[in-house]
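Structure record follows, encoded as structure tokens.
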Amino acid sequence: MQLEKSSIQSGATVPLIAIISNPLSTTNAARIEAIRRVVDDSANVVHFELNGIESIDEALALFARANPAMLIVNGGDGTIGAVLASILDRSPFDVIPPIAFLPGGKTNMTAADLGFKGRPEKVLKRLIQIAKEGGIADRLVSMNLIELDLGDGKPPRVGTFFGTAGIVKGIHWCRDHAYNTGMPNGVAHVGAISKLLASAFGLSRDKRLMVSDPMTVTIKGGGRFHGEFAAVMATTLDRLLLGLRPYGKEGRGGLKFSAVEAGGGNVFRAMKGLITGGFGKKTINGVHTRRADEIRVDGIEPVTLDGEIYYPVPGKEIILRGNRALTFVSLK
């Protein structure tokens with residue numbers, strides 16, 4: 001653990017800002033020194049650098065005593081999820097401060113959806129300026145979170161994007177064939193999507209990339225689906241990679257769910273719906289969309305929550321809940 005505190009100037013009007021950084025996340029490995037310089041040059045900023053995810057509780061306990069006006073998480077989606085889980089389940093805050101993010105990982109989907117894009121140190125400077133000008137309250141939004149119960153007896157994992165079937169296989173492809181070559185993240189994501197689509201349309205030697213093992217998905221108040229799927233996802237975000245919105249508005253709840261059945265025709269119709277704007281607005285054969293507060297998945301396929309891969313416990317359903325929310329700062 002490394003704790004840095006910038007100078008607190010006499011009569012300073014800047015409210016206290018607390019930052020949790022994971023110096024081992026992808027972007028931070030190269031940008032953490034720039035973050036430290038911004039902290040050193042700013043008034044009323046406290047910076048806690050994690051030794052590991054297990055030190056998150058320690059950081060939040062320290063910050064709770066200081067009552068910050070804003071909590072900034074500097075790391076990738078995995079770090080963000082771990083901090084949010086600690087806040088929901090063990091937070092010592094009497095009043096949870098609004099939360100902001102710096103894009104410190106590879107995908108940064110949660111941060112990007114709230115407008116946190118670009119070099120982390122530049123985003124940090126902007127957040128500090130907003131606080132200095134008294135503008136935090138004007139940028140607050142409420143966002144639901146996904147709580148993932150694997151049935152393993154551990155507290156739910158927390159995040160904003162859940163996926164299985166082809167989505168997990170796309171993550172594995174990026175890690176095995178793209179990230180370790182130095183390929184830019186955006187190019188890697190496009191490459192993974194292209195590889196998955198080629199498989200779905202029979203243009204790849206591995207024709208099972210977008211075909212799951214049989215699974216059953218039960219949506220509370222919204223039906224049950226059973227079969228093989230090309231992709232299954234649930235999110236609380238507004239936009240995903242490439243600005244996509246693969247969900248509909250039918251139903252009520254914090255989780256935006258969609259599933260595409262396996263088969264080239266189903267995948268083609270889903271892609272066409274995304275391109276033309278019909279996805280989730282009209283009936284598409286082989287495509288299911290719904291909003292709900294609880295979703296259950298029964299199968300053996302590995303799943304992902306914000307890039308972390310998990311494996312189902314045999315005989316246990318995976319349960320997603322989306323009925324709890326926190327307050328975030330938005331730069332959109």
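The values are calculated or read from the model by the stated rules, or taken from the named source; none is laboratory data. Remember, it's a predicted structure, so these values are computed and weren't measured experimentally. We place every Cβ from the backbone using ideal geometry, glycine too, and count neighbours over all the protein chains shown. Note: accessible area is taken over every heavy atom of the protein model, side chains too, but ligands, DNA and RNA are not part of it. Shrake-Rupley method; radii C 1.70, N 1.55, O 1.52, S 1.80 Å.
Just give me the residues in the range 83-93 being in contact with a helix residue (DSSP H, G or I) (Cβ under 8 Å, 6 or more places away or on another chain), in a helix (DSSP H, G or I) and surrounded by 17 or more Cβ atoms within 10 Å (Cβ to Cβ), in sequence order. Passing the criteria: Val83, Ser86, Ile87.
Restricting attention to the range 46-70 and to residues that are in a helix (DSSP H, G or I) and of a type in the set (Asp, Glu), the residue that is surrounded by the fewest Cβ atoms within 10 Å (Cβ to Cβ) turns out to be Glu54. Tell me, yes or no, whether the range 215-238 has at least one residue that is free of Cβ contacts under 8 Å to residues at least 60 places away in the same chain, open to solvent by less than 60 Å² (accessible area, probe 1.4 Å) and closer than 18 Å to Gly170 by Cα. Within the range 215-238 (the criterion being free of Cβ contacts under 8 Å to residues at least 60 places away in the same chain, open to solvent by less than 60 Å² (accessible area, probe 1.4 Å) and closer than 18 Å to Gly170 by Cα), the answer is no, since none of the residues qualifies. Of all residues in the range 140-157, those that are open to solvent by less than 10 Å² (accessible area, probe 1.4 Å) and within 12 Å of the chain's Cα centre (by Cα) total 2.
What are the residues in the range 273-303 that are farther than 19 Å from Arg245 by Cβ and polar (S, T, N, Q), if any? Once the filter is applied, which keeps residues that are farther than 19 Å from Arg245 by Cβ and polar (S, T, N, Q), the range 273-303 yields only Asn285.
Against the test of being farther than 12 Å from Ala18 by Cβ and open to solvent by less than 10 Å² (accessible area, probe 1.4 Å), the options Gly118, Gly134, Gly105 yield a single qualifying residue, Gly105.
Which one of these is more than 20 Å from Thr164 (Cβ to Cβ) and at pLDDT below 90: Lys249, Lys272?
Lys249
When the strands (runs of 3 or more DSSP E) confined to the range 261-332 are screened for residues that are open to solvent by less than 20 Å² (accessible area, probe 1.4 Å) and in contact (Cβ under 8 Å) with a residue 60 or more places away in the chain, those reaching at least 2 such residues are found at 294-298, 303-305, 318-329. Selection of the range 204-214 for residues being open to solvent by 40 Å² or more (accessible area, probe 1.4 Å) and modelled with pLDDT of 80 or more yields Asp213, Pro214.
For (1) over 30 Å from Gly227 (Cβ atoms); (2) not in a strand (DSSP E or B), each residue gets a yes or a no:
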{"site": "Gly81", "(1), (2)": "no, yes"}
{"site": "Val95", "(1), (2)": "yes, yes"}
{"site": "Lys117", "(1), (2)": "yes, yes"}
{"site": "Val123", "(1), (2)": "yes, yes"}
{"site": "Leu127", "(1), (2)": "yes, yes"}
{"site": "Gly153", "(1), (2)": "no, yes"}
{"site": "Phe162", "(1), (2)": "no, no"}
{"site": "Lys169", "(1), (2)": "no, yes"}
{"site": "Cys174", "(1), (2)": "no, yes"}
